[in-house]
Amino acid sequence: MNEWPTQPEIFRERLANYSVAVQELAWKLLRLIAEELGLDDHNFFKGDLTGGETLMNVHYYPLCPDPNLTMGVRPHSDRYIITVLSQGDVGGLQAKIGGRWIGVEPIHNAFVINFGLQMEVASHQLLILWIV
């Protein structure tokens, strides 16, 4: 929070409330994932995998009459265990599936949940444990 803008004055309070609500959603999802994976400890993902800081990026992309002139976030993989993304009503998000980029159309009042590289590592380790 110490790096958040101080203006407008209400910004910090609202963003802090939003951050808490999104973090609670993420924990609820991680507990459900642990349960669905058959883990006895539904808090499996707490600790080393999620014990660090919560990272929040806020991007604002105003409408552009020529989408070819826009610049967004470069192609990347999310490294964290889970990303909770609010697209708002702005399109442009793409996911690479089978070597092709496909558009992820925004759904009003919905979040995109992306499982990052840490989830890939954790779930792979879980599969190895189940196979052994």
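Filtering segment 2-36 to residues that are open to solvent by 50 Å² or more (accessible area, probe 1.4 Å), assigned to a helix (DSSP H, G or I) and under 20 Å from Val58 (Cα atoms) leaves Ile10, Phe11, Arg12, Glu13, Arg14, Asn17, Tyr18, Val20, Ala21, Gln23, Glu24, Leu25. Applying the set (1) closer than 17 Å to Ile113 by Cα; (2) in a loop (DSSP other than H, G, I, E, B); (3) open to solvent by less than 80 Å² (accessible area, probe 1.4 Å); (4) in contact with a helix residue (DSSP H, G or I) (Cβ under 8 Å, 6 or more places away or on another chain) to Leu39 leaves exactly one unmet item: (1). For segment 42-58, the candidate set comprises residues that are open to solvent by 90 Å² or more (accessible area, probe 1.4 Å) and at pLDDT below 75; within that set, the residue that is farthest from Ser19 (Cα to Cα) is Asp48.
Table: residues versus (1) farther than 19 Å from Phe115 by Cβ; (2) among the hydrophobic types (A, V, I, L, M, F, W, C); (3) open to solvent by less than 60 Å² (accessible area, probe 1.4 Å).
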position: Pro62; (1), (2), (3): yes, no, no
position: Pro67; (1), (2), (3): yes, no, no
position: Thr70; (1), (2), (3): yes, no, no
position: Val73; (1), (2), (3): no, yes, no
position: Ser77; (1), (2), (3): no, no, no
position: Asp89; (1), (2), (3): yes, no, no
position: Gln94; (1), (2), (3): no, no, no
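Figure legend. Inter-residue proximity from segment 14-28: first residues touching a residue at least 40 places away in the same chain (Cβ under 8 Å), second residues assigned to a helix (DSSP H, G or I) and open to solvent by 80 Å² or more (accessible area, probe 1.4 Å), beta-carbon distance below 9 Å, spacing 6+ or different chains. No pairs are indicated.
The values are calculated or read from the model by the stated rules, or taken from the named source; none is laboratory data. Values in this document were obtained by computation on a predicted structure and should not be read as measured data. Because the Cβ atoms are built from the backbone with ideal geometry, glycine has one as well, and the counts that use them run over all protein chains shown. Please note that ligands, DNA and RNA were not included when accessible areas were found on the heavy atoms of the full protein model with its side chains. Shrake-Rupley method; radii C 1.70, N 1.55, O 1.52, S 1.80 Å.
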